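To start, the structure itself, in C-alpha cells.
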Amino acid sequence: MGELAALATALCWVGSALFFSDAGARVGSLPVNLLRLLVGFVLLGALTTITRGAPLPLDASSHAWLWLSLSGLVGFTFGDLCLFRAFVDLGPRLSTLVMSLAPPVAALCGFLFLGERLDAFDLFAMTVTLGGVAIAVVARPKITTPMPHRARGLGLAVLGAIGQGVGLVLSKHGMGDYDAFASTQIRVIAGALGFAVVFTFARTWPRVRAATKDRAAMRSMTLGAIAGPFLGVSLSLLAVRHTETGVAAALMATTPVLILPFAVIVKKERVPLAGYVGAFVAIVGVALLMTR
C-alpha cells in the first residue's frame with residue numbers, strides 16, 4: 001500500500017503543478033501558496049465530517065499536534081516558500097532537479113530520527129529511480145533567459161528539498177496510527193498560519209485579496225488544491241505510514257517523469273530522446289521498488 005500511495009501522490013503532484021502553474025501565472029505564486037491551503041482545509045474538513053464525524057482534528061493527541069504542526073511549518077511554509085522562489089531565480093527545470101535531493105534527505109532523517117533502515121537493494125532501486133528523474137529533467141529544453149540570481153536560486157532549491165524531506169519524516173513521527181486526512185488537516189493549519197505570519201511582515205495581503213477576485217485563477221487554484229493539499233498530501237502520509245520514508249519519497253519524486261505526457265500532448269513541448277530514456281530508467285526503478 002505504501003508504494004501505491006506514493007505513486008498516486010506523484011500523479012496528484014502532476015495535476016497540482018499544472019493547475020498551480022496556471023493560477024500562479026495570473027495572480028502570482030505567493031497568494032496561491034496560502035489560498036491553496038485554505039481551500040484544502042475546507043475540503044479536508046468536509047471529508048472528515050463524513051468519515052469521522054468531526055470537521056476538525058480536535059481528538060488528536062498533543063504529540064500529533066506538536067509534530068504534525070512542525071511538519072506543516074517545515075514542509076509547507078519553509079519548504080514551499082524556498083521552492084517557489086527558486087522557480088523564479090533558477091527556473092523550474094533546474095529547481096525540479098535539485099528537489100531530487102529530497103528522497104536522500106528523507107532517507108537519512110528516517111534513519112537518524114526513526115531508526116528506519118534500507119538494504120542494498122532499496123538503495124540501488126532508489127538510485128535508479130532518481131537517476132532516471134535527473135536524466136529526464138536535464139533533457140528538457142534549456143532555458144535561454146538570463147538568471148542573475150542563479151546562486152541564490154540554487155541555495156533556495158536545496159533548502160526546499162531539505163524542507164520537503166524533513167517534513168515527511170516529521171509527519172510520519174507525528175501521525176502514528178492517527179487518520180491520514182485529519183493529520184493532513186493539522187499540517188495545513190500550521191502551514192497556513194505560517195504563511196499568514198510571513199504575509200503580514202511582507203505586507204502581501206493586498207495581493208491575496210486581489211487574487212480572490214480572479215475567477216479563472218481561483219478555479220485553477222481550487223483544482224490544484226484538490227490534487228495537492230487535499231489528496232496529494234494525504235496520500236503522501238499514507239505512503240510514509242506503510243513504507244520507509246526514503247522509498248516513498250523516491251517514488252513521489254517521479255512527478256517530472258509522469259508529467260512528460262502532459263507536456264507533450266497538452267503543452268506541445270518537444271521532448272528530446274534523453275527525456276524518454278530518463279523516463280524509462282525511472283520506470284525501471286519504480287518497478288524495482290514495487291517488487292521489493
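The values are calculated or read from the model by the stated rules, or taken from the named source; none is laboratory data. These numbers were taken from a predicted model, which means no experiment stands behind them. Glycine also receives a Cβ, built like all others from the backbone with ideal geometry; neighbour counts cover every protein chain displayed.
Could you say which residue among ALA46, ALA60, ALA64 is in a loop (DSSP other than H, G, I, E, B) and more than 26 Å from LEU258 (Cβ to Cβ)?
Working: ALA46 fails: in a loop (DSSP other than H, G, I, E, B); ALA64 fails: in a loop (DSSP other than H, G, I, E, B).
After ruling out the rest, the residue left standing is ALA60.
Sort through PHE113, PHE124, PHE76 and tell me the only one that's more than 15 Å from SER171 (Cα to Cα) and in contact (Cβ under 8 Å) with a residue 60 or more places away in the chain. Give the steps one after another, and end with the answer.
On the way: PHE113 fails: more than 15 Å from SER171 (Cα to Cα); PHE76 fails: more than 15 Å from SER171 (Cα to Cα).
Within the list PHE113, PHE124, PHE76, the selection yields PHE124.
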Notebook entry, point to check: Got a sec? Which of VAL14, VAL98, VAL88 is among the β-branched types (Val, Ile, Thr) and modelled with pLDDT of 80 or more?
Noted result: VAL14
Notebook entry, point to check: Counting just the residues of region 18-33 that are of a type outside the set (Val, Ile, Thr) and buried (at least 20 other Cβ atoms within 10 Å of the Cβ), which one comes out modelled with the highest pLDDT?
Noted result: PRO31
Notebook entry, point to check: In the set GLY194, GLY176, GLY232, which member is on the phi > 0 side of the Ramachandran plot and either hydrophobic (A, V, I, L, M, F, W, C) or touching a Ser or Thr at 6+ places or on another chain (Cβ under 9 Å) (or both)?
Noted result: GLY176
Notebook entry, point to check: What number of residues within region 247-292 satisfy the criterion of being in contact with a Phe, Trp or Tyr (Cβ under 8 Å, 6 or more places away or on another chain), part of a helix (DSSP H, G or I) and farther than 20 Å from CYS12 by Cβ?
Noted result: 1
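Quick one: would you say ARG241 is assigned to a helix (DSSP H, G or I) and within 30 Å of GLY110 (Cβ to Cβ)? Write out each step before concluding.
Numbers: assigned to a helix (DSSP H, G or I): yes; within 30 Å of GLY110 (Cβ to Cβ): yes.
Answer is yes for this residue.
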Item checked: Matching entry among ILE143, ILE162 (being surrounded by fewer than 23 Cβ atoms within 10 Å (Cβ to Cβ) and at pLDDT 85 or above) -> ILE162
Margin query: Given the options ARG270, ARG241, name the one that is under 21 Å from the mean Cα position of the chain (by Cα) and touching a residue at least 24 places away in the same chain (Cβ under 8 Å).
Written below: ARG241
Next item on the list: Count, please, the residues in region 195-223 that happen to be of a type outside the set (Val, Ile, Thr) and more than 24 Å from ARG26 (Cβ to Cβ).
Entry: 1
